[in-house]
Amino acid sequence: EVHTSCWNSKFLPPSDQAREADLARLKQKVDAGADFIITQFFYDVDVFWSFQRRCREAGITIPIIPGYAPIQTYQSFERFVQWER
């Protein structure tokens with residue numbers, strides 16, 4: 001099994017052009033033999049659904065597994081929320 005990671009934030013990279021370049025690189029990784037994709041963690045599921053739709057439109061059909069980061073303290077939760085804004 002081979003996996004690759006990816007970033008699916010609507011905020012980074014900062015432009016549509018850069019996001020399209022990242023998607024093209026992800027497609028190259030898939031074409032090179034990746035069996036599944038693991039995303040960075042996120043808490044906005046709509047961003048994930050949008051990312052997954054764009055992947056499917058680009059011909060990426062392997063499983064896309066949402067990344068997660070367990071919340072262990074309220075302080076870490078607040079920090080994660082700030083990152084997502």
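Computed from the coordinates by the stated procedures, all read-outs in this text should not be read as laboratory data. What you are looking at is a predicted structure, and each value in this text was computed from that prediction instead of being measured. Cβ: placed from backbone, ideal geometry, glycine included. Neighbour counts: every protein chain shown.
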Using the Karplus equation 6.51 cos²θ - 1.76 cosθ + 1.60 (θ = phi - 60°), what ³J(HN,Hα) coupling, rounded to whole Hz, does each residue of the range 61-67 give in order, writing x for Gly and Pro? 10, 6, x, 10, 9, x, x
Among 51-59, 35-43, the order from most to least packed when residues are scored by Cβ within 10 Å on average: 35-43, 51-59
Would you calculate the separation in nanometres between label points at TYR74 and VAL47, each defined as 7 Å from the Cα along the Cα-to-beta-carbon direction? 2.4
Would you pull out the residues with amide H under 5 Å of ALA69's amide H, same chain only if 5 or more places away, H placed 1.01 Å from N? PHE42
Output ³J(HN,Hα) for the range 54-59: one whole-Hz value per residue in order, computed from phi by the Karplus curve 6.51 cos²θ - 1.76 cosθ + 1.60 with θ = phi - 60°, and x for Gly and Pro. 5, 4, 4, 5, 7, x
